[in-house]
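Have a look at the structure below before the remarks.
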Amino acid sequence: MIEELSHDQILRYSRHLLMPEVGLQGQIKLKNSSVLVIGTGGLGSPVALYLAAAGIGRIGLVDYDIVDSSNLQRQVIHGTSTVGKLKVESARERLQDLNPDIQVDIYNEPYTSENAMRLAKDYDLIIDGTDNFPTRYLTNDVCVMLGKPNIYGSIFRFDGQVSVFHAEKGPCYRCLFPEPPPPGLVPSCAEGGVLGILPGTIGTLQATEALKVLLGIGEPLIGKLLLYNALDMTFDFVKLKKNPNCRVCGPNADIKELIDYEEFCGVPGHHADDTSAGADWDITAQDLKARLERDPKLILLDVREPHELEIAAIQGAKNIPLGEVAQRMAELDSAEEMVVFCKRGSRSARAIEILSSAGFKKMKNLKGGINAWAEEVDPSLPLY
Amino acid sequence: MNHIKLLFFATIRDRVGMKSLELDIPTDLTILQLKEKIGVDYPNLKESMKSVLITINREYAFDEAVIPLNAEIALFPPVSGG
């Protein structure tokens, strides 16, 4: 155990030391603390930056992705100079520059039922900065089973949620959401968009809660859910209750070990945005180009939102946004062959499901969406 | 009859196209029955009702909770972005 702070450290943390709620003893406590951050994306960026700056002695980072320039609108731990690098390495470089005193452990792997317990067990608390439902349920169950606090944050467009799930003292994520939403119902940020500042707001709140829990000060959001809306600039609080029927933290819990979370949610946990309608439906951009050369009258159905057409469009495509497909399918002829597309392929997969259950059969899903078309066929279109 | 106010958040607000709504419901209606009613009145919310978080006067409500008079009911969908 590290018992003292050096003179350099006393100067570095002097604004903390001045407050009795932290003080020298609190700062030493932070130095001896460890936090595992799941995901180094929008939420993980501010969380890791502020926890490193605050002097948390050991920070673990879990991510398997590579920095992409479309991340930089919100993932401020990365930079233009680290595009193409592993996210965990890019993040570690930035954290070590910000605070060379701390230890940064990196895990360049997806967080799964196989490695989650092993990765989480040696940390004092866990930050949920993931971007999909399977990994959120996994993070929750791991924390319940290990008895560790789970600092939860989640975002979409202009809305954010924050809570502290600590099953020994209050409800867990499953108490609130016993069932995952039906697959495809809740769009990801890659499909629906997100205000770049939103994860900054929510992530700094998560970092604040983490610090309070580690120091044992203030009133953490245990048994409370904070709901933030950036457009209305409202913070609403909801009082939560432990669910007596909770399958993981209730008195009759039946989930005693980690399960298959992708099966439970019906969606993949990794590269969740690349979901397709299934290989039978897929057509590649190259194949579509060849088909259009043979059959220029082939019907193209674009299920993106109208404002996305301003960014990139395929000429001659009919636009019916996904949300209107069910009501407007009379405009389509089920006898004609049709290729459905969106930005990356998941909304079009959902549209194909809807049309298929209404009796449409002659459909193909453009694999990788208009982004794949831009990459492989028409480089005059931008990627977004 | 019981006159209540519904508040919509996040993706549910986008789907229904409004922030709030006032309506009359039978007294002694439970949250589960309200979810079913919403699914019928607003078919594009039917799927959302399977996983929505519902509060009565800013407190989490389980399915079997009976809706009190003049309650403010809020509907929060799960969001997963990060």
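The values are calculated or read from the model by the stated rules, or taken from the named source; none is laboratory data. Remember, it's a predicted structure, so these values are computed and weren't measured experimentally. Ideal geometry is used to build each Cβ from the backbone, glycine not excepted, and the neighbour counts take in all protein chains shown. The area values use the complete protein model at the heavy-atom level, side chains included, leaving out ligands, DNA and RNA. Shrake-Rupley method; radii C 1.70, N 1.55, O 1.52, S 1.80 Å.
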Inset, instruction - Would you mind giving the total buried accessible surface between chains B and A, with a 1.4 Å probe and ligands, DNA and RNA left out, rounded to the nearest 100 Å²? - result: 2700 Å²
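Using the C-alpha atoms of chain B, what convex hull volume per residue, in cubic angstrom, is computed?
Once divided by residue count, the hull of chain B is 88 Å³.
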Legend entry - Centre separation in Å (Cα based) which lies between segment B:42-82 and segment A:161-187: 13 Å
Inset, instruction - Give the angle, between 0 and 90 degrees and rounded to the nearest 10, that separates the Cα long axis of helix A:285-294 from the longest principal axis of the Cα atoms of chain A. - result: 10 degrees
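On a 21 Å Cα-Cα criterion, which of the cross-link pairs A:LYS318/A:LYS364; A:LYS241/B:LYS19; A:LYS289/A:LYS362 come out too long?
Details: A:LYS318/A:LYS364 15 Å; A:LYS241/B:LYS19 25 Å; A:LYS289/A:LYS362 18 Å.
In this structure, A:LYS241/B:LYS19 exceed 21 Å between Cα atoms.
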Inset, instruction - Report the local net charge at A:PHE133: Lys and Arg +1, Asp and Glu -1, summed over other residues whose C-beta lies under 11 Å from its C-beta. - result: -2
Legend entry - Compactness index (Cα Rg / 2.2 N^0.38 Å), the protein assembly as shown: 1.05
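Compute the FRET efficiency between A:LYS318 and A:LYS361 as 1/(1 + (r/R0)^6), taking r as their Cβ-Cβ distance and R0 = 25 Å, and round to the nearest 0.05.
On the way: r = 18 Å, r/R0 = 0.73.
The value I calculate is 0.85.
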Inset, instruction - At most 12 other Cβ atoms within 10 Å and a DSSP loop assignment: could you name the GluC sites (Glu not before Pro) in segment B:17-78 that fit? - result: B:GLU64
Inset, instruction - Check the straight Cα-Cα distances from A:LYS212 and name the aspartates and glutamates below 18 Å, setting aside those fewer than 8 residues away within the same chain. - result: A:GLU21, A:ASP124, A:ASP128, A:GLU168
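Which value, in debye to the nearest 20, describes the size of the charge dipole of the protein assembly as shown about its Cα centre when Lys and Arg Cβ atoms bear +1, Asp and Glu Cβ atoms bear -1, and nothing else is charged?
Working: 48 positive and 63 negative charges, 124 e Å.
Using Cβ point charges on Lys, Arg, Asp and Glu, the protein assembly as shown gives about 600 debye.
How high is the relative contact order of chain B? Use alpha-carbon pairs under 8 Å, at least six apart in sequence, and give a whole percent. Write out the running numbers ahead of the final one.
Details: 145 pairs, mean separation 32.6, N = 82.
Averaging sequence separation for qualifying contacts and normalising by length gives 40 percent for chain B.
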Inset, instruction - Treating the angle as unsigned and between 0 and 90°, give the value, to the nearest 10°, between the Cα long axis of helix A:198-215 and the longest Cα principal axis of chain A. - result: 30 degrees
Legend entry - At least 30 Å² accessible surface lost relative to isolated chain, residues of segment A:115-145 (1.4 Å probe): A:ASP131, A:PHE133
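Could you pull out the trypsin sites (Lys or Arg not before Pro) across segment A:41-138 that fall in loop regions by DSSP (anything but H, G, I, E, B) with no more than 13 other Cβ atoms inside 10 Å? Spell out each step's value before the answer.
Numbers: sites: A:ARG58, A:ARG74, A:LYS85, A:LYS87, A:ARG92, A:ARG94, A:ARG118, A:LYS121, A:ARG136; in loops: A:ARG74, A:LYS85, A:LYS121.
Loop-located and lightly packed - A:LYS121.
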Legend entry - Amide H contacts of A:GLY60 (H built 1.01 Å from N, under 5 Å, at least 5 apart or other chain): A:VAL35, A:LEU36, A:VAL37, A:ASP105
Legend entry - Probe 1.4 Å - accessible area at A:PHE158, Å² to nearest ten: 70 Å²
Inset, instruction - Compute the projected area of the convex hull of the Cα atoms of segment A:1-143, averaged over all viewing directions, and report it in nm² to one decimal place. - result: 8.9 nm²
Inset, instruction - Ignore the peptide's own chain and count Cβ atoms of other chains within 10 Å of each Cβ in A:179-191; give me the average, rounded. - result: 4
Inset, instruction - Write out the GluC sites (Glu not before Pro) in segment A:243-342 meeting two conditions: DSSP loop, and at most 15 other Cβ atoms within 10 Å of their Cβ. - result: A:GLU257, A:GLU336, A:GLU337
Inset, instruction - Using a 1.4 Å probe on the heavy atoms of the protein chains only, list every residue of segment B:34-58 that has 20 Å² or more less accessible area in the complete assembly than in its chain alone. - result: B:GLU47, B:LYS50, B:SER51, B:LEU53, B:ARG58
Legend entry - Rounded to 5, the percent of DSSP beta bridges in chain A classed as antiparallel: 40 percent
Inset, instruction - Give me the lysines in straight-line cross-link reach of A:LYS87: C-alpha distance below 24 Å, same-chain residues under 8 apart excluded. - result: A:LYS121, A:LYS343
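Rounded to the nearest percent, how much of the accessible area of the protein assembly as shown (1.4 Å probe, protein heavy atoms only) is carbon and sulfur?
Numbers: 10750 of 20760 Å².
Using a 1.4 Å probe with all protein chains present, the protein assembly as shown comes out at 52 percent carbon and sulfur.
Go ahead and estimate [θ] at 222 nm for chain A from helices alone: -39,500 (n - 2.57) per DSSP H run with n ≥ 4, summed, over the residue count, rounded to 500. Walk me through the intermediate numbers first.
Numbers: 15 runs with 128 residues, N = 384.
Roughly -9000 deg cm²/dmol at 222 nm, from the helical runs in chain A.
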Inset, instruction - Round to the nearest 10 and give me the degree value, 0 to 90, for the angle of helix B:31-41's Cα axis relative to the longest principal axis of chain B. - result: 70 degrees
Legend entry - 3J(HN,Hα) from dihedral phi, segment A:107-114, Karplus parametrisation 6.51/-1.76/1.60, rounded to Hz, x for glycine, proline: 10, 7, 7, x, 8, 10, 4, 6
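If you roll a 1.4 Å probe over the heavy atoms of the protein chains, what accessible area per residue do you get for the protein assembly as shown, in Å²? Each step should come with its number before you reach the end.
On the way: 20760 Å² over 466 residues.
On a per-residue basis, 45 Å².
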Inset, instruction - Find which of A:PRO306, A:GLN327, A:LEU381 sits farthest along the positive direction of the dipole of segment A:264-383, computed with +1 on the beta-carbon of Lys and Arg, -1 on that of Asp and Glu, about the Cα centre. - result: A:GLN327
